[in-house]
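Nothing in this text is a laboratory measurement; each read-out follows from the coordinates by a stated rule. Computed from a predicted model, the values in this text were never measured in an experiment. In this analysis, Cβ positions are derived from the backbone assuming ideal geometry, glycine residues included, and neighbour counts consider all displayed protein chains.
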Amino acid sequence: MVLPTTAVTINKRRLLRDLNAVSRIGIGDHGSVTRLVFSIKELRSRQFLIHLIRQAGLQIHIDRIGNIFGRLNGVHAKAPAVLAGSHLDTVLHGGKFDGTMGVIGALEAVRTLKEQKVALRSPVEVVCFVGEESSRFGYSTLGSSLVAGEVHGADLSNAADAQGTKLEDILSSLGIYRSNLRSMRRDPTSIKAYLELHIEQGPILEAKKKPIGVVTSIAAPTRFRVIFTGQADHSGTTPMEMRKDALVAASELIVAVEKICRRYSRMEKGRVVGTVGAMKIEPGVINAIPGKAELSVDIRSITSPAKNRVVRLVQAKLREIARRRRVGMEILPIREENPVPLDKRLVHLLKECCEVKGIAYEVMPSGAGHDAMQMAKITPSGMLFIPSRRGISHSPLEWSDPEDICLGTQLLLDAIVRVANEKI
Ligand code: GLV
Ligand code: MN
Ligand code: MN
């Protein structure tokens with residue numbers, strides 16, 4: 001066995017080749033990628049990863065939801081493992097890198113460690129979590145939440161896709177019921193730490209001309225659906241003052257979400273952001289007053305008090321709009337989470353990994369959600385970012401420089417070796 005050393009280098013060509021190969025699964029117009037959770041394309045991407053893990057000669061384990069773990073044993077086979085990974089599912093018409101880079105980067109790191117026979121005290125595992133994105137069901141970080149024991153039956157009630165398929169029905173088809181949710185939890189004593197490499201999905205690193213971000217905390221969302229119920233009626237015969245238009249009520253809410261969040265958007269006010277990203281109107285035709293409007297609200301912040309204050313203000317405004325417009329209103333909670341601090345020792349270690357190689361880095365919070373926010377609840381967790389061109393993600397325009405991808409993956413490998421071999 002060779003000694004562990006930061007001179008162990010990844011195979012850049014293989015990394016970029018496999019990243020490209022995954023990106024072609026679900027490719028669409030303008031280079032967009034769509035792999036919604038539990039779609040054929042998403043399943044195919046997981047199948048491909050299984051093939052790559054087998055090819056690398058790692059031990060494979062797939063849990064009931066479909067989370068994939070590829071393991072390389074260390075000197076102490078029973079010691080807690082260092083996990084590294086992310087997700088392969090994407091948003092609708094998303095990009096090539098969100099999640100995928102973290103999975104393929106972790107795979108590249110682990111297979112390099114195996115190939116080069118690097119001595120590791122702890123086992124290491126590349127992991128692909130199912131369903132990190134909330135685009136299909138409104139429910140995010142599904143696979144990692146199950147692993148962390150953080151899925152609660154009541155949260156699932158309102159999780160359904162645009163066609164009305166309930167997440168709970170899919171889960172039960174996989175043998176996961178409210179009664180056995182907890183059995184999906186992985187024993188925290190079997191994990192030493194979790195590391196995730198990801199694109200920044202924001203403009204900071206590019207603006208500061210730094211190739212690496214070391215993440216300190218992850219903003220968390222409160223999400224709910226709102227249903228306004230008015231009266232569908234003839235658009236030609238119903239006088240303006242007699243209408244109960246659900247869509248006009250919804251429009252007022254959309255503007256209110258923006259207005260309220262803007263008041264709390266500065267860093268010192270809690271960096272709150274709020275989005276209405278989806279809406280369904282009924283009957284949705286040109287000659288009828290909308291009788292029903294259903295919309296999604298996603299409010300996020302890096303501090304709980306600021307987020308909770310904004311949620312209260314938005315919901316109060318919601319009630320006021322419904323009263324004044326004499327329309328029915330229902331709030332269907334989806335999920336409420338607290339911002340998550342990442343492990344301070346890992347922040348320090350990741351900074352050191354950059355410093356050893358003379359790499360400039362930025363210490364920063366994450367505005368986007370990640371599997372690390374669930375894993376942090378059961379094990380010390382750390383994250384590395386690489387720059388996103390023009391800060392764009394969840395879009396076909398998402399792009400990260402191959403050089404940054406290789407650098408981030410190399411630093412991930414360096415960090416895995418240190419975490420596996422050192423006391424943290
Ligand atoms: C995940 O990409 C999120 O919605 O934050
Ligand atoms: Mn995403
Ligand atoms: Mn992601």
- Projected onto the charge dipole of the chain (+1 at Lys/Arg Cβ, -1 at Asp/Glu Cβ, origin at the Cα centre), which of Met184, Gln163, Thr216 gives the Cα projection farthest towards the positive end? Thr216
- Message: Quick check for me: using +1 on Lys/Arg Cβ and -1 on Asp/Glu Cβ, what's the dipole size of segment 88-127 about its Cα centre, in debye to the nearest 20?
- Response: 240
- Farthest toward the dipole's positive end in the chain, which of Met375, Val8, Leu49, given Cβ charges of +1 (Lys, Arg) and -1 (Asp, Glu) about the Cα centre? Met375
- Compare Ala278, Ala316, Ala81 in a GNM of the chain, Cα atoms joined below 10 Å, and give the one with the largest fluctuation. Ala316
- Task: In debye, nearest 20, what is the charge dipole magnitude of segment 1-108 about its Cα centre with +1 on Lys and Arg Cβ and -1 on Asp and Glu Cβ, if you could check?
- Result: 300
- Where does each of Val248, Val215, Val82 land when they are ranked from fewest to most other beta-carbon atoms within 10 angstrom? Val248, Val215, Val82
- Message: Of all beta bridges DSSP finds with both residues in the chain, what is the antiparallel percent, to the nearest 5?
- Response: 65
- Item | Along each principal axis, Cα extent of the chain, largest first, Å | 83, 46, 40
- Query: Can you list the HN-Hα couplings for segment 10-16, worked out from phi with the Karplus curve (6.51, -1.76, 1.60; θ = phi - 60°), rounded to whole Hz and with x for Gly and Pro?
  - Reply: 6, 9, 4, 4, 5, 4, 5
- Query: Against the longest principal axis of the chain, how steep is helix 304-325, in degrees 0 to 90 to the nearest 10, with axes from Cα atoms?
  - Reply: 20
- Task: Take Val255, project a point 7 Å from its Cα along the Cβ direction, then tell me which residues of segment 273-294 have their backbone nitrogen under 16 Å from it.
- Result: 276
- Message: Nearest 500 deg cm²/dmol is fine: what mean residue ellipticity at 222 nm does the chain get from its DSSP H runs of n ≥ 4 alone, each adding -39,500 (n - 2.57), divided by its residue count?
- Response: -10500 deg cm²/dmol
- Local net charge near Pro396, Cβ-Cβ under 10 Å (Lys/Arg +1, Asp/Glu -1): -1
- Item | Relative packing of 327-337, 407-417, which averages over residues the other C-beta atoms within 10 Å, highest first | 407-417, 327-337
- When only C-alpha pairs under 8 Å and at least 6 residues apart count, what is the relative contact order of the chain, in percent? 23
- Task: Show me 231-239, 178-186 ranked by packing, highest mean number of other Cβ atoms within 10 Å first.
- Result: 178-186, 231-239
- Counting only DSSP beta bridges with both partners in segment 1-150, the antiparallel fraction in percent, to the nearest 5, comes to 60
- Message: Rounding to the nearest 10 and keeping the result within 0 to 90°, find how far the Cα-based axis of helix 344-356 lies from the longest principal axis of the chain.
- Response: 60
- Query: Measuring from centroid to centroid over Cα atoms, what is the spacing of segment 46-87 and segment 192-220 in Å?
  - Reply: 24
- Find how many whole Å separate the alpha carbon centroid of segment 268-347 from the alpha carbon centroid of segment 164-185. 26
- Packing rank of 356-369, 128-141, where each peptide gets the mean count of other beta carbons within 10 Å, highest leading: 128-141, 356-369
- If Lys and Arg each add +1 and Asp and Glu each add -1, what is the summed charge of the other residues whose beta carbon sits under 15 Å from the beta carbon of Ala119? +1
- Between the helical axis of 402-421 and the dominant principal axis of the chain, each derived from Cα atoms, what acute angle in degrees is found, rounded to the nearest 10? 60
- Message: Let me make sure I get this right: for segment 231-284, a, b and c are the square roots of the gyration tensor eigenvalues over alpha carbons, sorted descending. Under 1.5 in a/c it's rounded, otherwise prolate if a/b > b/c, else oblate. Which is it?
- Response: prolate
- Item | Ranking of Arg271, Arg44 by count of other Cβ atoms within 10 Å, fewest first | Arg44, Arg271
- Item | Rounded D (µm²/s) - segment 1-88, Kirkwood Rh over Cα pairs, Stokes-Einstein at 37 °C, 0.692 mPa s | 215
- Total charge dipole magnitude, segment 196-253, about the Cα centre, Cβ charges on Lys, Arg, Asp, Glu only, Debye to nearest 20: 260
